[in-house]
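Working notes, structure below.
Just so you know, all these numbers are worked out from the coordinates, no wet-lab data involved. This one's a predicted model, so the numbers in the text were calculated from it and none came from an experiment. Here the Cβ is made from the backbone with ideal geometry for all residues, glycine too, and neighbour counts use every protein chain on show.
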Amino acid sequence: MATIAQIQIAVADHYGVAVQELVGADRHKSIVFARQVAYLLCRRHANASYPEIGLAFDGRDHTTIMSGCKAAAQKANRDPRLMTHIIELERRIVGDFGAEERVEALEMCA
């Protein structure tokens, strides 16, 4: 099981942004998507509730986290390239696991 902080660091590194940008208020498209991916991975691999994730992302409301998690899952399900990014991040965070479990991870928030 990963921590929210570990996931934030991995996602920030993967997308080439600072952790402060990831958790901050910046609404640039690339940062918003990275942030949504981080929400999704926190929900799946940190076993964190939406309010817990919100607190770790500059006090965001749990409904923002829910919406972002769902948006990242939907985008990844439509775009194989984005799915590949999420799978790469999951491998980095928790190691390799089967394709069925990767799909379950995304359907959890869709």
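For the peptides 11-23, 40-52, the ranking by packing is 40-52, 11-23, with the highest mean count of neighbouring Cβ atoms within 10 Å listed first. Here r is the Cβ-Cβ distance between Ala18 and Val94 and R0 is 22 Å; the resulting FRET efficiency, rounded to 0.05, is 0.40. Output the 0 to 90 degree angle, nearest 10, between the alpha-carbon long axis of helix 80-94 and the longest principal axis computed from the alpha carbons of the chain. Helix 80-94 sits at roughly 80 degrees to that axis.
Output the relative contact order of the chain, whole-number percent, from Cα pairs under 8 angstrom with separation of 6+ residues. Mind showing how you got there, number by number?
Details: 123 pairs, mean separation 31.5, N = 110.
Relative contact order comes out at 29 percent.
What do you get for the angle between helix 29-45 and the principal long axis of the chain? Use alpha-carbon atoms, 0 to 90 degrees, nearest ten. Computed tilt is about 60 degrees.
When a/c is below 1.5 the answer is rounded, else prolate if a/b is larger than b/c, else oblate, so apply that to the chain with a ≥ b ≥ c taken from the square roots of the Cα gyration tensor eigenvalues. Judged from the Cα gyration tensor, the chain comes out rounded (a/c under 1.5).
Its Cα centre serving as origin, segment 1-79 has a Cβ charge dipole (Lys and Arg +1, Asp and Glu -1) of approximately 320 debye.
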